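This is the structure I have questions about; it appears just below.
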Amino acid sequence: MRRISVFGATGSIGQSTLDLIARAPDAYDVAVLTGGQNIAQLASDARRFGADLAVTADEALYKDLKEALAGSGIEAAAGEAALEEAGARPADWIMSAIVGAAGLAPGLRALEQGSTLALANKESLVTAGALLMQTACRHGATVLPVDSEHSAVFQALVGEEMDTVERIIITASGGAFRDWPLEDLARATVEQASAHPNWNMGQRITIDSASMFNKALEVIETKEYFGIDPERIEVLIHPESLVHALVGFRDGALMAHLGVSDMRHAIGYALNWPERAELPVARLDLAQIGQLHFRAPDEARYPALRLAREVMARDGLAGAVFNAAKEAALDAFIAGRIGFTAMAGVVEAVLERAEAELGLIDATMTLDNIRAADHMARIRAEEVMSGLAA
Ligand code: NAD
Ligand code: MG
């Protein structure tokens, strides 16, 4: 039996992971499940899967979780430190599906124990790509991509040598507003931005898809995970979301990965890797679909993509600053404090200010320095946004 933990178990990716685990109950022994405010879901899943430990990120909810687990023998814990400790609980395979930079510390702990980390939490690669990959290397741990595009690239690379790769193309649906007139974007509401045309995902990544910040994070994720030059990474708008990524080789061949928009494919690939198991995902009927469309992204519509290029060129802790500023801007948009198109401006202004903070971006990539850069970026984002409101 493989020991499995799921971080962010109550979310969209977490629930899809548990769906796959539930289909082969004898194959897995669940160690830790973590969640946020949805205590009822966390407790009922912990009971259903017989977890050893359930952790909520919210310290104030410790009592509720403990009560919900009463009589089950399942241990309860709460707060950031408990989440990080959960990463050190022995497990062979750990799903990292917390949303945001909060997923980084538990992921690092998991790698330090030599586990296989199935990484949906792209923010940790954007924030600390080199640290994460070096930690994996040092402890003989494995990082497997779970983002659909990166899983697709990973699969296209099986049996290939990286030095024969000419380019990696990741596709983007274009999100909720791909066909909106540019001048209407500033008035887009949270509700409108939270409706993805093709994928059913958590709210934050859905809004990030509409603004293309999700793709910006994914371009950086591609660089960090596959170690490829930023100039060799391309983004292609593909409204149907059926081709997830393509890898171009030096002989001109382009290997594409196609599949329906169901994250259980990428999760299941990481769960069964290096084997392929049968998965409960719908099969693609290309004759019925008939046509697939592709176009180049419009930089004016999606400033996030340009910012990602700048972050990759800057390197160091620029990714941590970029991600934290994006998280703060997204919080403010969800709270109705800033408009949809203001988010990119906030992130750009924070990146500029970070340059003026002596040594911040060029500091060594340690967890402490990353936390400091993240913290500073959120403070600067607040300053920029209060300037906007004035
Ligand atoms: P979600 O919002 O549905 O779930 C997030 C999970 O993280 C929940 O369990 C929540 O309780 C927990 N969480 C939230 N804030 C936390 C905090 N501060 N500390 C600890 N836990 C916290 O998100 P999701 O859509 O499942 O996405 C999870 C991750 O996977 C993200 O990094 C996202 O970018 C990535 N991802 C998601 C999809 C998708 O289809 N949903 C696809 C590709 C990548
Ligand atoms: Mg993706």
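The values are calculated or read from the model by the stated rules, or taken from the named source; none is laboratory data. Keep in mind that this is a model prediction, so the values were computed, not measured. A quick note on method: Cβ atoms are made from the backbone with ideal geometry, for glycine too, and the neighbour counts reach across all protein chains shown. These accessible areas exclude ligands, DNA and RNA; they are computed on the full protein's heavy atoms, side chains included. Shrake-Rupley method; radii C 1.70, N 1.55, O 1.52, S 1.80 Å.
For region 352-367, give me each residue that is within 21 Å of the chain's Cα centre (by Cα) and part of a helix (DSSP H, G or I). Break it down into steps so the answer makes sense when it comes.
Here is the first cut: in region 352-367, the ones within 21 Å of the chain's Cα centre (by Cα) are 365-367.
Result: L367, single match.
Looking for whichever is more than 30 Å from M1 (Cα to Cα), of a type outside the set (D, E, K, R), open to solvent by less than 40 Å² (accessible area, probe 1.4 Å) and not assigned by TED's automatic domain parsing to the domain that holds P197 here; the options are P230, P239, P297. Which one fits? Before the answer, list the steps.
On the way: P230 fails: not assigned by TED's automatic domain parsing to the domain that holds P197; P239 fails: not assigned by TED's automatic domain parsing to the domain that holds P197.
Matching residue, one of P230, P239, P297: P297.
Here's another thing I want to ask about it. So which of L125, L131, L217, L185 is of a type in the set (A, V, I, L, M) and either over 22 Å from R309 (Cα atoms) or free of Cβ contacts under 8 Å to residues at least 12 places away in the same chain (or both)? Even if it seems obvious, please write down each step before you answer.
Details: L125 fails: either over 22 Å from R309 (Cα atoms) or free of Cβ contacts under 8 Å to residues at least 12 places away in the same chain (or both); L131 fails: either over 22 Å from R309 (Cα atoms) or free of Cβ contacts under 8 Å to residues at least 12 places away in the same chain (or both); L217 fails: either over 22 Å from R309 (Cα atoms) or free of Cβ contacts under 8 Å to residues at least 12 places away in the same chain (or both).
Among L125, L131, L217, L185, only L185 is of a type in the set (A, V, I, L, M) and either over 22 Å from R309 (Cα atoms) or free of Cβ contacts under 8 Å to residues at least 12 places away in the same chain (or both).
Output the residues belonging to region 130-149 that are open to solvent by 10 Å² or more (accessible area, probe 1.4 Å), assigned to a helix (DSSP H, G or I) and more than 13 Å from ligand 1 (Cβ to nearest atom).
A130, L131, M133, Q134, C137, R138
Which ones in region 99-129 are away from ligand 2 (no atom under 16 Å from the Cβ), open to solvent by 30 Å² or more (accessible area, probe 1.4 Å) and within 16 Å of the chain's Cα centre (by Cα)?
Of everything in region 99-129, just one residue is away from ligand 2 (no atom under 16 Å from the Cβ), open to solvent by 30 Å² or more (accessible area, probe 1.4 Å) and within 16 Å of the chain's Cα centre (by Cα), namely A102.
Test of understanding: among Q37, Q41, which residue is out of contact with any Pro (no Cβ under 6 Å at 6 or more places or on another chain) and open to solvent by 60 Å² or more (accessible area, probe 1.4 Å)?
Q37
Among all residue pairs at least 6 apart or on different chains, which show Cβ distances below 9 Å where the first residue, located in region 149-160, is at pLDDT 95 or above and the second is open to solvent by 20 Å² or more (accessible area, probe 1.4 Å) and in a loop (DSSP other than H, G, I, E, B)?
Every condition considered, the pairs that remain are F154/W273; V158/P274.
Inside region 2-87, counting only helices (runs of 4 or more DSSP H) that do not spill past its ends, which hold 3 or more residues that are under 20 Å from the mean Cα position of the chain (by Cα) and within 13 Å of ligand 1 (Cβ to nearest atom)?
Details: elements: 12-22, 39-49, 62-68.
Output list reads 12-22.
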